[in-house]
Amino acid sequence: MAALDDIVRNFPDTDWSATPTERAPTTNVEHLLEGGHVLCFPHLAFALSVQEQRFLTPAVSDGKAKNISLRDDGSLRGASGSAQDQADLRDMIQRFSTQAQHLVNRLFPHYRGKLRAAKASFRPMQVEGRDTSWRKDDTRLHVDAFPSNPVHGVRLLRVFTNLNPAGAPRKWRVGEPFPEFLQRFAPRLTPPVPGSAAVMRALKITKSQRTDYDHYMLQLHDKMKADLAYQKDAPQRDVDFDPGTTWVVFSDQVLHAVMGGQYMMEQTFYLEPTHQLYPHTAPLKVLEDMLGKALLPAA
Ligand code: SIN
Ligand code: FE
């Protein structure tokens, strides 16, 4: 399992190739990802065309969403600008999405055909000084879990690339391994109120039924963010990702926070824990073991 001092593993790849090559040598690293490491590629950049460089401004955002996202149904959300701007932005995000898919196919052959590409995003807003509620505040350590989006135990794998043109790093903090974190927080967990999941679904608060797994992951997310002593004193380290760096992480497992930076690409993938190399490392299994009960409804 990833200890804090070697949680980040660096690789020399300079190419997004879907198969191993001289410039893209890294493959078969499922065990590192599942062990809670951040896989880091300091020389794997996402290149913008001269025309695309016009999008390196917060003004490309419609001002409502903090990210511009390309959904898996092909729709673009959160962008301002002309029809041409929006078409060009979509092409840019789509190109990143395709490259990210090539990369994960090479890195994780065991997952081939099993990873589902979800949304991709371009994040043009400056992190520093962003003002938000504590629950949405990603400058606090957290594991990814979303109130309206139950995942039913499915893993969240994310590929990020910093494309800041002025040399600004994406500044993260990463925390202790998930099992150790859970050991600390498990005594504070409370079970869901019976019937609440059905009510939230009927009221469309959630997009699908919130399972017990989703309930506990959201509690962990919230309780960790609300615990200021934990935020300050918990085992953690700072990690700076310079421009031109790509990193890959299970964001439902690695405790993380973003402290600074601007201009980043991101692609999310879903993976059923049964398709992992070591399914027992999934937060679902770790939580079920710790709580001594099944957290998904019987199929
Ligand atoms: C997050 O997933 O918490 C945000 C990551 C980032 O914006 O760098
Ligand atoms: Fe996050």
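Each reported figure results from applying straightforward, stated rules to the coordinates on display, with no laboratory input. It should be emphasised that the depicted structure is a prediction, and the values quoted were computed from it without experimental measurement. Cβ coordinates were reconstructed from backbone atoms using ideal geometry, including for glycine residues, and neighbour counts include every protein chain displayed.
Between LEU295, LEU291, the distinction of being buried (at least 18 other Cβ atoms within 10 Å of the Cβ) and within 24 Å of TYR216 (Cα to Cα) belongs to LEU295 only. Does segment 204-215 include one or more residues that are touching a residue at least 60 places away in the same chain (Cβ under 8 Å), closer than 30 Å to LEU163 by Cα and charged (D, E, K, R)? There is no residue in segment 204-215 that is touching a residue at least 60 places away in the same chain (Cβ under 8 Å), closer than 30 Å to LEU163 by Cα and charged (D, E, K, R).
Filtering VAL154, VAL174 for residues that are out of contact with any Lys or Arg (no Cβ under 8 Å at 6 or more places or on another chain) and either over 30 Å from HIS102 (Cβ atoms) or not basic (Lys, Arg) (or both) leaves a single hit, VAL154.
Kindly indicate whether any position in segment 234-247 is among the hydrophobic types (A, V, I, L, M, F, W, C) and in contact with a helix residue (DSSP H, G or I) (Cβ under 7 Å, 6 or more places away or on another chain). Looking for residues that are among the hydrophobic types (A, V, I, L, M, F, W, C) and in contact with a helix residue (DSSP H, G or I) (Cβ under 7 Å, 6 or more places away or on another chain), one finds none in segment 234-247, hence no.
For segment 50-75, the set of residues classified as in contact (Cβ under 8 Å) with a residue 40 or more places away in the chain and among the hydroxyl-bearing types (Ser, Thr, Tyr) consists of THR57, SER61, SER69, listed by residue number. Among the residues of segment 14-36, those identified as without any contact (Cβ under 8 Å) to a residue 60 or more places away in the chain and either crowded, with 17+ Cβ neighbours inside 10 Å or touching a strand residue (DSSP E or B) at 6+ places or on another chain (Cβ under 8 Å) (or both) are THR14, ASP15, LEU32.
When ASP222, ASP238, ASP242, ASP252 are checked against the criterion of being within 21 Å of LEU107 (Cβ to Cβ), surrounded by fewer than 20 Cβ atoms within 10 Å (Cβ to Cβ) and within 16 Å of ligand 1 (Cβ to nearest atom), ASP242 stands alone in meeting it. One residue alone among ARG71, ARG23 is out of contact with any Ser or Thr (no Cβ under 6 Å at 6 or more places or on another chain) and more than 27 Å from PHE178 (Cα to Cα), and that residue is ARG71. Within segment 136-169, being within 12 Å of ligand 2 (Cβ to nearest atom) and basic (Lys, Arg) holds for LYS136, ARG140, ARG158. Restricted to segment 255-279, and to residues there that are aromatic (Phe, Trp, Tyr) and within 21 Å of ARG9 (Cβ to Cβ), the residue that is farthest from ligand 1 (Cβ to nearest atom) is TYR278. Evaluation of GLN183 against the conditions (1) within 16 Å of ligand 1 (Cβ to nearest atom); (2) under 21 Å from ILE7 (Cα atoms) shows that the sole unmet condition is (1).
Quick check on segment 263-295: of everything there that is part of a loop (DSSP other than H, G, I, E, B) and either touching a strand residue (DSSP E or B) at 6+ places or on another chain (Cβ under 8 Å) or within 14 Å of ligand 2 (Cβ to nearest atom) (or both), which residue is farthest from ASN105 (Cα to Cα)? Looking at residues that are part of a loop (DSSP other than H, G, I, E, B) and either touching a strand residue (DSSP E or B) at 6+ places or on another chain (Cβ under 8 Å) or within 14 Å of ligand 2 (Cβ to nearest atom) (or both), I get TYR263. ASP227 satisfies every condition listed in (1) out of contact with any strand residue (DSSP E or B) (no Cβ under 7 Å at 6 or more places or on another chain); (2) touching a residue at least 60 places away in the same chain (Cβ under 8 Å); (3) away from ligand 1 (no atom under 14 Å from the Cβ) except (2).
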